[in-house]
1. Please count how many residues of region 70-95 are within 12 Å of ILE174 (Cα to Cα) and either outside any helix (DSSP H, G or I) or without any contact (Cβ under 8 Å) to a residue 24 or more places away in the chain (or both).
2. If I ask for residues that are farther than 18 Å from GLN101 by Cα, open to solvent by 30 Å² or more (accessible area, probe 1.4 Å) and among the aliphatic types (A, V, I, L, M), which ones from region 143-171 would you list?
3. Could you go through region 59-69 and let me know if any residue there is under 23 Å from MET167 (Cα atoms), open to solvent by 80 Å² or more (accessible area, probe 1.4 Å) and touching a residue at least 24 places away in the same chain (Cβ under 8 Å).
4. I'd like the full set of residues that are exposed (fewer than 12 other Cβ atoms within 10 Å of the Cβ) and either modelled with pLDDT under 90 or aromatic (Phe, Trp, Tyr) (or both), limited to region 44-55.
5. Within region 62-71, does at least one residue satisfy the condition of being in contact with a strand residue (DSSP E or B) (Cβ under 7 Å, 6 or more places away or on another chain) and modelled with pLDDT of 85 or more?
6. Does region 1-43 hold any residues that are open to solvent by less than 100 Å² (accessible area, probe 1.4 Å), β-branched (Val, Ile, Thr) and either in a loop (DSSP other than H, G, I, E, B) or at pLDDT below 85 (or both), and which are they?
7. Kindly indicate whether ILE174 is within 25 Å of LYS74 (Cβ to Cβ) and either at pLDDT 85 or above or surrounded by 15 or more Cβ atoms within 10 Å (Cβ to Cβ) (or both).
Amino acid sequence: KVEESTLCVLIVYQNGPYPLLTKDDQQLLESFSDQVSIVLRNSKLYQNLKKQNDLLIQRDTIHNTLIKLSLQSKGLQKIANEIKKMINHPLMIVDLTDHQQYSSPTQWKRELPSEINTKLKTQSFFTESLNSQSLYIHPIIAIDVPIGIIAVEMEEDDFFPLNKMIMEQASSVIA
């Protein structure tokens with residue numbers, strides 16, 4: 001047991017009229033099981049740290065790519081194309097300051113439902129269903145004011161934490 005949670009069980013069968021294991025053998029097995037639980041716990045912790053480290057490396061790569069595009073003044077169309085490459089789903093960036101739309105692929109332009117504007121007050125994702133397609137929408141906020149929208153066409157099963165991280169990074173760079 002680790003932290004009152006059973007991770008594995010060691011079963012030793014003893015058949016016959018006399019026990020094959022002595023009290024010393026039992027203590028040895030208990031010590032062994034404690035060591036196995038420590039190894040399993042450390043392995044789990046290591047895997048979690050490795051996963052978090054990989055996520056941080058990906059986040060850094062994403063951030064550097066988007067910042068590089070921003071510093072080169074490549075424009076929102078280039079940023080939309082780069083985000084599309086990263087998440088592999090059609091998307092549209094709507095600039096609410098000048099009512100321009102930048103989509104990737106470029107022919108993917110849609111009318112967004114008008115009630116989206118009322119949901120833009122918070123920095124969070126929300127879903128809109130439009131013609132049987134799910135749109136994940138992330139507001140682009142500057143100084144507590146929505147200045148844009150990133151809308152991505154994807155099913156809920158396709159929405160991974162990495163995609164959310166890409167959207168958050170892109171939103172801050174675009175803002």
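1. So in region 70-95, the residues within 12 Å of ILE174 (Cα to Cα) come out as 70-71, 73-80, 83, 93-95.
With the extra rule that they be either outside any helix (DSSP H, G or I) or without any contact (Cβ under 8 Å) to a residue 24 or more places away in the chain (or both), the set shrinks to 71, 73-75, 78, 93-95.
The total comes to 8.
2. As a first pass, look at region 143-171 and keep what is farther than 18 Å from GLN101 by Cα: 143-145, 154-166, 168-169.
Of the ones still in play, those that are also open to solvent by 30 Å² or more (accessible area, probe 1.4 Å) are 143-145, 155-162, 164, 168.
Result: ILE143, VAL145, LEU162.
3. yes
4. Of region 44-55, the ones exposed (fewer than 12 other Cβ atoms within 10 Å of the Cβ) are 45-54.
Once the filter is applied, which keeps residues that are exposed (fewer than 12 other Cβ atoms within 10 Å of the Cβ) and either modelled with pLDDT under 90 or aromatic (Phe, Trp, Tyr) (or both), region 44-55 yields only TYR46.
5. Let us first name the residues in region 62-71 that are in contact with a strand residue (DSSP E or B) (Cβ under 7 Å, 6 or more places away or on another chain), namely none.
No: zero hits.
6. Scanning region 1-43 gives VAL2, THR6, VAL12, THR22.
7. Numbers: within 25 Å of LYS74 (Cβ to Cβ): yes; either at pLDDT 85 or above or surrounded by 15 or more Cβ atoms within 10 Å (Cβ to Cβ) (or both): yes.
Against the criterion (within 25 Å of LYS74 (Cβ to Cβ) and either at pLDDT 85 or above or surrounded by 15 or more Cβ atoms within 10 Å (Cβ to Cβ) (or both)), ILE174 qualifies.
The values are calculated or read from the model by the stated rules, or taken from the named source; none is laboratory data. Note that this is a predicted model, so its numbers are computed, not measured. When we count neighbours, we look across all protein chains shown, and the Cβ atoms used for this are built from the backbone with ideal geometry, even at glycine. The area values use the complete protein model at the heavy-atom level, side chains included, leaving out ligands, DNA and RNA. Shrake-Rupley method; radii C 1.70, N 1.55, O 1.52, S 1.80 Å.
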